[in-house]
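J.: This is the structure I have questions about; it appears just below.
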Amino acid sequence: MPASLLVRQARLPGHDDLQDVLVRDGRIAAIGTSVAAPRPDVLDDVPVEDVAGALVLPGLIDAHCHVDKTLWGGPWVPHAAGPRLVDRIANERDRRTDLGLPSPEHAADLLRHMAALGTTRVRTHTDVDPALGLAGIESVAKAADAVRGLVDVEQVAFPQDGVIRRPGTLELLEAALDAGATTLGGIDPAGVDDDPLGQLDALFEIAARRGAGIDIHLHDTGSLGAWQFGLVARRTVAFGLQGKVALSHADALGTVPEDERFRLIDLLAESGVAVITAAVYDVPVPSVRDLAERGVTLACGSDGIRDLWGPYGNGDMIERAMHVAYRNGLRRDEDIALALDCATTGAAHLLGLDSYGLVPGAPGDLVVVPARTVAEAVVARPTRALVVKDGHVIARHGELVHPTHLEFPS
């Protein structure tokens, strides 16, 4: 149930004076220097949290992760895959069953941890392939149900092992939409499937017919990746899916000459295609400043979190914003703030949220951080003092308030 809460003496980005934030029935009702002053009796029934000048941010959003793959909460598993993309795909396919993946328990453990760090919404890419069927979609749905009230979970049906080269995958992707996924995934139409036209034509036809979004992993670099940007952009406009299509990773943006990079960015802006980055490992990262200046929606996410693809990741979106800022060479406060935008307003725009942020009418999802500025929060990454979801305090000092009430159902 949505709740009411008054957060007093909050430091909000863009405000010089400390503000009060009133949440009523799960949504922000008012923001001001003293929202209770005219009629304090009206707030007699509202719990109060005085945050004493700490920074308050809107609920964080992880726009690209893979909770179905995670080993979070289980014993340490040494990484054994080779260095290539195809090596990691094969390693996961060979080992996932023996390790009990996909596991709703591991996924729920990770989602709880993410919620305690201030993530209130997640878009997760869930594997769908002929060997696995819809087991991953079903597992993540169970995990999402177990953490209801802590974090909202949206699933992308993700064909990790290819679309065209694995007969039956297209049918499974459409079945995943019936099972609760809202977005169709894709992966390197040229580099993995070796049939870019076939993969993209099929995905766009299904998405347009079913009213779904599209989010394609595009690792292909250089001119091959750049060519696929054009294929995606033209289909986005032709099918009327502007604002519903994203390229995850978009590695070509970091591997083409400057004039070509700006051409691709303008193409994305004109066609309404978003970019999602994770700033992982040594993979080239899209330029935060260039994308922002030219009007492209940019979001970020954790990507893999302690899984068979790699041992790293902790689900902390403020830390992820730090990686985005660091890999972009951002040092000025206003530029570092752009990196956090990828985990807040940019991610909200990507997900098509009608109302989001620190404004009246937005969901009462708040993260309280002991910092004075957004840049300080991103650089220092302090423990979250308070996390609020729909007006409920769900975490204090990095720990869930009532973890024993939120165990995975048997």
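The values are calculated or read from the model by the stated rules, or taken from the named source; none is laboratory data. The structure presented is a predicted model; accordingly, all values stated were derived computationally and were not measured. Ideal geometry is used to build each Cβ from the backbone, glycine not excepted, and the neighbour counts take in all protein chains shown.
J.: Could you list, in sequence order, the residues of the stretch 122-144 that are surrounded by fewer than 23 Cβ atoms within 10 Å (Cβ to Cβ) and either within 18 Å of the chain's Cα centre (by Cα) or not assigned by TED's automatic domain parsing to the domain that holds ALA343 (or both)?
T.: Across the stretch 122-144, the qualifying residue is only ALA141.
J.: I want to confirm something. Restricting to the stretch 2-22 and keeping residues that are in contact with an Asp or Glu (Cβ under 8 Å, 6 or more places away or on another chain) and hydrophobic (A, V, I, L, M, F, W, C), which single residue is nearest to ALA52 (Cα to Cα)? Let's see the steps before the verdict.
T.: Restricting attention to the stretch 2-22, the residues satisfying the condition of being in contact with an Asp or Glu (Cβ under 8 Å, 6 or more places away or on another chain) are 2-10.
Then keep just the ones that are hydrophobic (A, V, I, L, M, F, W, C); that gives 3, 5-7, 10.
On the way: ALA3: 22, LEU5: 16, LEU6: 13, VAL7: 10, ALA10: 7 Å.
Looking at residues that are in contact with an Asp or Glu (Cβ under 8 Å, 6 or more places away or on another chain) and hydrophobic (A, V, I, L, M, F, W, C), I get ALA10.
J.: LEU18: crowded, with 20+ Cβ neighbours inside 10 Å and either in contact with a helix residue (DSSP H, G or I) (Cβ under 7 Å, 6 or more places away or on another chain) or aliphatic (A, V, I, L, M) (or both), yes or no?
T.: Details: crowded, with 20+ Cβ neighbours inside 10 Å: no; either in contact with a helix residue (DSSP H, G or I) (Cβ under 7 Å, 6 or more places away or on another chain) or aliphatic (A, V, I, L, M) (or both): yes.
So LEU18 does not fit the description; no.
J.: Here is a follow-up. Only one of these conditions is not met by ALA278: (1) more than 19 Å from the chain's Cα centre (by Cα); (2) of a type outside the set (Lys, Arg); (3) closer than 25 Å to THR124 by Cβ. Which number is it?
T.: (1)
J.: Right, another one. Which ranges mark the strands (runs of 3 or more DSSP E) fully within the stretch 37-97 that have 2 or more residues being within 20 Å of GLN155 (Cβ to Cβ) and assigned by TED's automatic domain parsing to the domain that holds ASP152?
T.: Working: elements: 48-50, 55-58, 60-65.
So the answer is 60-65.
Residue-by-condition table, conditions (1) in a loop (DSSP other than H, G, I, E, B); (2) more than 30 Å from VAL401 (Cα to Cα); (3) not aliphatic (A, V, I, L, M):
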site: GLU138; (1), (2), (3): no, no, yes
site: ASP145; (1), (2), (3): no, no, yes
site: ALA157; (1), (2), (3): no, yes, no
site: GLU171; (1), (2), (3): no, yes, yes
site: LEU177; (1), (2), (3): no, yes, no
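J.: Further question on the same structure: Could you identify the single residue in GLY295, GLY225 that is surrounded by fewer than 23 Cβ atoms within 10 Å (Cβ to Cβ), at pLDDT 95 or above and in contact with a helix residue (DSSP H, G or I) (Cβ under 7 Å, 6 or more places away or on another chain)? I'd like the intermediate steps shown before the answer.
T.: Values: GLY225 fails: surrounded by fewer than 23 Cβ atoms within 10 Å (Cβ to Cβ).
On inspection, the qualifying residue turns out to be GLY295.
J.: Would you confirm, using the coordinates I've provided, whether GLY73 is in contact with an Asp or Glu (Cβ under 6 Å, 6 or more places away or on another chain) and among the small types (Gly, Ala, Ser)? Outline the logic, then answer.
T.: Numbers: in contact with an Asp or Glu (Cβ under 6 Å, 6 or more places away or on another chain): yes; among the small types (Gly, Ala, Ser): yes.
For GLY73, the condition - in contact with an Asp or Glu (Cβ under 6 Å, 6 or more places away or on another chain) and among the small types (Gly, Ala, Ser) - is met.
J.: Limited to the stretch 164-186, what total is found for residues that are touching a helix residue (DSSP H, G or I) at 6+ places or on another chain (Cβ under 9 Å) and under 22 Å from ALA63 (Cβ atoms)?
T.: So the answer is 10.
J.: When you scan the stretch 183-195, do you find a residue that is part of a helix (DSSP H, G or I) and assigned by TED's automatic domain parsing to the domain that holds ILE137, even just one? Lay out the reasoning, then the answer.
T.: Pass one, the stretch 183-195, residues part of a helix (DSSP H, G or I): none.
No, every residue in the stretch 183-195 fails to be part of a helix (DSSP H, G or I) and assigned by TED's automatic domain parsing to the domain that holds ILE137.
J.: Checking the condition charged (D, E, K, R), farther than 25 Å from VAL48 by Cβ and without any contact (Cβ under 8 Å) to a residue 24 or more places away in the chain, which residue from ASP333, ASP316, ASP354, ASP341 passes?
T.: The match here is ASP354.
J.: For the stretch 178-212, which residues satisfy the criterion of being within 19 Å of the chain's Cα centre (by Cα) and free of Cβ contacts under 8 Å to residues at least 40 places away in the same chain? If you could, list the steps in order and put the result at the bottom.
T.: In the first step, residues of the stretch 178-212 are kept if they are within 19 Å of the chain's Cα centre (by Cα); the result is 180-187, 212.
THR182, LEU184, GLY186, ILE187, ALA212 - these are the residues of the stretch 178-212 that are within 19 Å of the chain's Cα centre (by Cα) and free of Cβ contacts under 8 Å to residues at least 40 places away in the same chain.
J.: Could you run through the stretch 280-292 and say how many residues are surrounded by fewer than 24 Cβ atoms within 10 Å (Cβ to Cβ), in contact with a helix residue (DSSP H, G or I) (Cβ under 7 Å, 6 or more places away or on another chain) and of a type in the set (A, V, I, L, M, F, W, C)?
T.: 4
J.: Considering ARG331, ARG372, ARG320, which residue is of a type in the set (D, E, K, R) and not assigned by TED's automatic domain parsing to the domain that holds LEU253? I'd like the intermediate steps shown before the answer.
T.: Numbers: ARG331 fails: not assigned by TED's automatic domain parsing to the domain that holds LEU253; ARG320 fails: not assigned by TED's automatic domain parsing to the domain that holds LEU253.
Exactly one residue qualifies, and that residue is ARG372.
J.: Also, I was wondering about something else. I'm trying to understand the selection: among the residues of the stretch 228-254, which are buried (at least 21 other Cβ atoms within 10 Å of the Cβ) and charged (D, E, K, R)?
T.: Once the filter is applied, which keeps residues that are buried (at least 21 other Cβ atoms within 10 Å of the Cβ) and charged (D, E, K, R), the stretch 228-254 yields ARG235, LYS244, ASP251.
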